Structure formats: structure tokens, C-alpha cells
Amino acid sequence: MIQTKYTTDLKSQLPALPVPELSATLTRLVDWITPLLTAGELADFQKLVTQFNETDGPILQQQLLELANRTDGSWLAPIWETSYLTDRQPLQASANFAFTVSPDEIPEKTAPAHLAAEIITRLTKVYRDFATGQAPVEHFRNDQPMDMSYYLNFFKSMRLAEVNQDHFHQGVPEIANQTVAIMAHQALYFLPVTDQNGELIATSTLAAELAGILADQPTNDVFPGALTGLERDTAAQQLTDLLATSPNQQLWAKVADALFSLSLVAAPTDQAGHLKETLLDTYNRFVDKTLQVIVYSDNQVGFAIEHSRVDGVPALNLISEAMAGLTDPPVTIEKVSVPATEFSITPTLANQLKADQAATQAIADRIDVGTAVFNQFGKAQLKGHHVSPDAFFHIALALAMYRLTHSWHSIYEPVSMRQFYQGRTENARSLSTEKKRFVLAFAANQPADQVRQLFEEAAKAHVQRISDAQKGLGVERHLLGLETVYHKDPEKLLVAKALFTSPQLAKLRTDYLSTTSIPFPVIQGLTFAPTSAHGYGVYYGILPNEIRLSVSSWQGEALTPTDWLQAIQQSLVDLMAFLDKT
């Protein structure tokens, strides 16, 4: 079954992602980088940009335009995907993101088997609707359709470890005889979720089988999924060893082609630990499966997402469907025995997998995650001040950064480009000259009317930058495209090499704070690993009357997640008090 409603049929209704004008991008580049540099660094960089615009830049721009014309779809999509697949870091500590579901979405009297069965049923129905073309096309407020090309990528997909560059498996979107990979007790089970006619298996049947799986007591002390949490070249080497036999190859292929995975695991002893474990735990997991559901024994639910071919907003649209209208379980749930599926594990492989479990635990131990709910105000109150909630938050974040570090660093903010076919995301670097001016004036207690004017300018500049990025007129994806064609034939392009390897550009590209905002009420917390060696990951979900926050950090850094959460919340309070007074 080939479903074209969300791909080629929609392609004709959506504009193509543009290749921005070179001079416009370079002007924005200088503007974006200015608050990060000294006067001398900026002067040197401006000279380099001028040289690039007059020499190598037009050559690379023409090559990128030719690449865009040859590409069936977005010119960015294959470049962006390759950047993920060539990254060699452990997925759970680099590309993956994870979130936990708000307890408000989960019935108080539910049980893990029933809860997992309902989630499976809902996700399977979503998959079937997309596979058969029954899911509606989403639209913007102006009735323009949104890009839908990535929804099916969540299902029947897995990033397969290979040396140097991974391979992304995408199964054929059939509806008959589909399965979900279930992991519990370090054992693997395949649960049928549709019958031979593509009809959904009853939720009660799934619950009975899941109850049987939970009651099972296998004796496995290793699980092959542990290798998926290793550095990718190491994972590829071990996967080659595991797949030396045909039965193991068939089992791994069956995992890859399962609609998604669901893990039934014990709740962490630390009640705040669900979010961290959802992201980083490799126990009963294949962390390179695109869509991973984790149901804890205390009825908490987490989702982990492998990022290569999907993005955050479509993920949360799916999960909102999966968690909507959950019900209390029946008084009793029948238990039906389901046989575990066994890989053939040699003693050497078993020893490797034990070492893998220790190695991935060490990776998890390197990352700290903290969460908070700021409930003094939210989107409703900010709208009352006629200020963009996103702009307000990022001004507060710049203030918190300055208060904590007394310095200026690059802040990553992803911006969806779903108005373009296969648009993926752009990056609007959040720190601006306007924000810097405001923060310095605010910190120095300059006259309130002057500071208020600087605030308005900072907020306006933020909104404009986001708008440019949404239109495909950002900086970094264009630079990525230019750098990609440069690497195909770098000889003699010395100015381009100087630009792409300049310390100034490195400052812009180094995410001291990597942020994301997906303000869905279903999310209790969202996290991902910091994206630079000394950076931090920041999630903010601005809801009508509260802001949900999380911060991740590498262990041993001078600032902890708690430091950041306290500083951000204090800055939010101080900014709102300032707006109230002025």
C-alpha cells in the first residue's frame, strides 16, 4: 500500500522550501553573530563575510540552487537527515528527545496492562488512518495545508546502526497483520495489533496479553537492545556480530518493522526520575526505534523519539491522540500467555551485552535533569500585556543567562517550517543585539521608560526573527546547504573554508542553551541531552496559566539544572513585575 495523500499529492499544494538570497543571509548572519563577539572579532568576521560574498559564496550559492532543482522535494530534508545519520554519538545522549505525560491525562484507577493496551489501540488507529489516507490534512489558520509528509515515518521505522553512517529503515505502510514490539523483564514479545483484514485487535485482548507478559518470569539477564545505546560505530560492530545468524537477522528486521515499541518497566525509586529514565534508560529498550512508548509500573507514561526523520510538533500531535479519552480498566483483566521471542546469544555476545548495560548506565549517569512548574502566570497573562509569550520567555532566558554567567552565549531555538513540503525546522538564534541591550539596561537599573522601550524593541526583533525563519529565511540551514556543497569539491575555495572554520561562526553554532517549546497540556516534562560539551538543554511549555520547565546538563558543570530553573523563574517574575509597573 502506497499512500500519496500526505506526500506527492500534498506536494503540489505546498510551496517549495526556498534557497534564500546569499546577500540577505550574510546580512542576517552578521546581525545574529554580533552580540557574541568583541569589536575586533566582529570586524574580522565582517571582512571575511564580505570576501565570501564576493568570491566563493556565489559559486556555492549556484551549486546549492542546482542541487535544489535536482531534488525531488525539499533540498534541506536529505541534508538534514544525513547530518543525523552520520552523528556517531549515543542516540539517547544526542539526537533523541523524550517527554512524560501529565498525570491529568491518566485515569486514577488504571493498571499498566490496560493503560498500555489503550495506548497501543489509539496509536495503531492513528497509523491505520494515515496508511489508508483517512487522517485529515492539517491546516494553518489561513486554511493553507501543513506539511504532513513525516507522520508515517513514526511507524514501522528504525535507525539501523552502520559504520560511518546509519541506515534508516522505513517499512511499507500496510495495515494487515501488524505488530508492536513489547519489552518486559529483558525479554522481547511481538503483539499482533491488526488482523488479516487490517482491523484493530480488541483492546481487551491486548490487555489480557499484556497482563500475561507482565506475569511472565523469563530468566534473561541480558537484552540485545542494550547495544543500541552505544556510540554508533561500536553499536554497528556489535550488531554485525549479533546478526551473524539468519534467525537473529529475521528478529531484528521484525523489530525494525514493528509499528513501534512499548516497554513495561518498574517505576524509578525517585518520583522525579521518570523523565530522565524515559530519555536515557536502555533497559528493555531499542533506543533507535523511532517511536518508543514506556509504561511504568506506577502508571506513569513516557515517550522517547529518535529524531532522524521526524520532528517535535508532529510527535506531540500523535501522542495527544494516543492519550485522549483513556478509561478505567475493568474489575478484572484476564491473563493470556504470550511466548517471548529469543535471540540466539553466544557467551561472547552475552558478556558484551552485560558490558553494554554498564556502559549505557555510565552515559545516563553523566546527565542531570531537573524540572519545575512555574505557576505565577502563563500565556493568558502575557497576552494581556500584548507581548509574544515566546519573546517574553527568551528575553527572560537571556536575563537569566547574564545573571548566572555575566557573559553572552548562543541560544538555539527551533522553528517549524511546515508550510513547506518536507520543510523540517530552521534555527532562530535567540540571543540578539536588542535583547543584549535590554538586559544590560535592566540590570543597570536605567530609567524605566528607556528600559521599557528597549524591551519592546527586543520583543519585536524576536518576533521578526521567528517570522523570517518560518518563511525559510533563516541563516543556519542556508549555511548548512552551502557548506554541504562546499564539501563536495572544496579545492581552491579557501575563503569558504576560512568562513566555515572560523572561530566566530563556531561561537554562533555552539549551543550553550539549546531550547525547545512544544506547549501541549499532555506534556508534563520534556528533555533532551545538552547539544554541546558545556551546554544545557531547556524545555519550556507556556500554557494558559503556567509554564512547565525542564533543564538538562552534563554532570560536573559549574551550573546545575536547579541553578538554571531558579534563575529562569526569578527572571520571569522580575520581567512581569517590570511590565506591570511600566
Review point. Per-residue HN-Hα couplings for the stretch 512-520, Karplus 6.51 cos²θ - 1.76 cosθ + 1.60 at θ = phi - 60°, whole Hz, x for Gly and Pro?
Key: 5, 10, 9, 10, 8, 9, 10, x, 9
Study note, to complete from the structure: Reported to the nearest 10 Å², HIS409 has, with a 1.4 Å probe, an accessible area equal to 60
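Find out how many positive minus negative residues lie around ARG477, taking Lys and Arg as positive, Asp and Glu as negative, among other residues whose Cβ is under 11 Å from that of ARG477.
Numbers: positive: ARG424; negative: GLU426, GLU476, GLU483.
Combined, the nearby Lys, Arg, Asp and Glu give -2.
Hand me the trypsin sites (Lys or Arg not before Pro) from the stretch 117-200 located in a DSSP loop with no more than 12 other Cβ atoms within 10 Å, in residue order please. Don't skip to the answer; put the middle values down first.
On the way: sites: ARG122, LYS125, ARG128, ARG141, LYS156, ARG159; in loops: ARG141, LYS156.
Hits after loop and neighbour filter: ARG141.
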Practice item. For a quick protection proxy, order the peptides 13-19, 243-249 by their average other-Cβ count within 10 Å, most packed first. Key: 13-19, 243-249
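Any idea what the relative contact order of the stretch 363-446 is, in percent, if you count C-alpha pairs under 8 Å spaced at least 6 apart? Don't skip to the end; give the middle numbers.
Values: 50 pairs, mean separation 16.9, N = 84.
Relative contact order, the stretch 363-446: 20 percent.
Among the trypsin sites (Lys or Arg not before Pro) in the stretch 483-526, which ones are in a DSSP loop with at most 10 other Cβ atoms within 10 Å of the Cβ? Mind listing them? Working shown, then result.
Values: sites: LYS488, LYS492, LYS497, LYS507, ARG509; in loops: LYS492.
When the trypsin sites (Lys or Arg not before Pro) of the stretch 483-526 are filtered for loop state and at most 10 Cβ neighbours within 10 Å, LYS492 remain.
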Exercise for review: Output ³J(HN,Hα) for the stretch 557-565: one whole-Hz value per residue in order, computed from phi by the Karplus curve 6.51 cos²θ - 1.76 cosθ + 1.60 with θ = phi - 60°, and x for Gly and Pro.
Suggested key: 6, 5, 10, 9, x, 4, 4, 5, 4
Check your understanding: For the stretch 478-522 and the stretch 283-346, what is the separation of their C-alpha centers, rounded to whole Å?
Key -> 35
Practice item. Just check the stretch 307-355 against the gyration tensor rule for me: Cα atoms, a ≥ b ≥ c as the square roots of the eigenvalues, rounded for a/c under 1.5, and otherwise prolate or oblate depending on whether a/b exceeds b/c. Key: oblate
Check your understanding: So what are the ³J(HN,Hα) numbers for the stretch 193-203, from phi and the Karplus equation (6.51, -1.76, 1.60; θ = phi - 60°), rounded to whole Hz, Gly and Pro as x?
Key -> 10, 9, 8, 5, 9, x, 7, 5, 5, 4, 4
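How large, in percent, is the carbon and sulfur part of the accessible surface of the stretch 325-432 at a probe radius of 1.4 Å?
On the way: 2480 of 4760 Å².
On the stretch 325-432, the fraction of accessible area on carbon and sulfur atoms equals 52 percent.
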**Study point:** Principal-axis tilt of helix 232-242 within the chain, Cα atoms, nearest 10 degrees
**Key:** 10
Review point. How much solvent-accessible surface does ASP104 expose, in Å² to the nearest 10, with a 1.4 Å probe and all protein chains in place?
Key: 130
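Taking the stretch 70-134, which GluC sites (Glu not before Pro) meet the DSSP loop condition and have no more than 15 other C-beta atoms within 10 Å? Don't skip to the answer; put the middle values down first.
Working: sites: GLU81, GLU105, GLU108, GLU118; in loops: GLU108.
Answer by residue number: GLU108.
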Study note, to complete from the structure: Counting only protein heavy atoms and leaving out ligands, DNA and RNA, the solvent-accessible surface of TYR151 at a 1.4 Å probe, in Å² to the nearest 10, equals 10
Point to revise | Cα Rg, Dmax (largest Cα-Cα span) when computed across the stretch 398-462, Å | key: 14.7, 48
Practice item. Compare ASP87, ASP56, ASP489 by solvent-accessible area with a 1.4 Å probe and give them largest first, with all protein chains kept in place. Key: ASP489, ASP87, ASP56
Review point. Relative to the longest principal axis of the chain, what angle (0 to 90°, nearest 10) does the C-alpha long axis of helix 246-257 take?
Key: 50
Practice item. At 0.36 nm per residue, minus the direct Cα-Cα distance, what do GLN250 and GLN165 gain on full extension? Give it in nm, one decimal, please. Key: 28.4 nm
Check your understanding: Amide H to amide H, which residues 5 or more places from LEU543 or on other chains are under 5 Å from it, using H placed in the peptide plane?
Key -> LYS379, ARG548
Practice item. Give the angle, between 0 and 90 degrees and rounded to the nearest 10, that separates the Cα long axis of helix 312-323 from the longest principal axis of the Cα atoms of the chain. Key: 40
Check your understanding: Once the chain is represented by equal point scatterers at the alpha-carbon sites, with solvent omitted, what log10 I(q)/I(0) does the Debye formula produce at q = 0.10, 0.13 Å⁻¹?
Key -> -0.90, -1.46
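The values are calculated or read from the model by the stated rules, or taken from the named source; none is laboratory data. Small disclaimer: the values here were computed from a predicted structure and weren't measured. Cβ sites come from the backbone with ideal geometry, for glycine too, and all protein chains shown count toward neighbours. These accessible areas exclude ligands, DNA and RNA; they are computed on the full protein's heavy atoms, side chains included. Shrake-Rupley method; radii C 1.70, N 1.55, O 1.52, S 1.80 Å.
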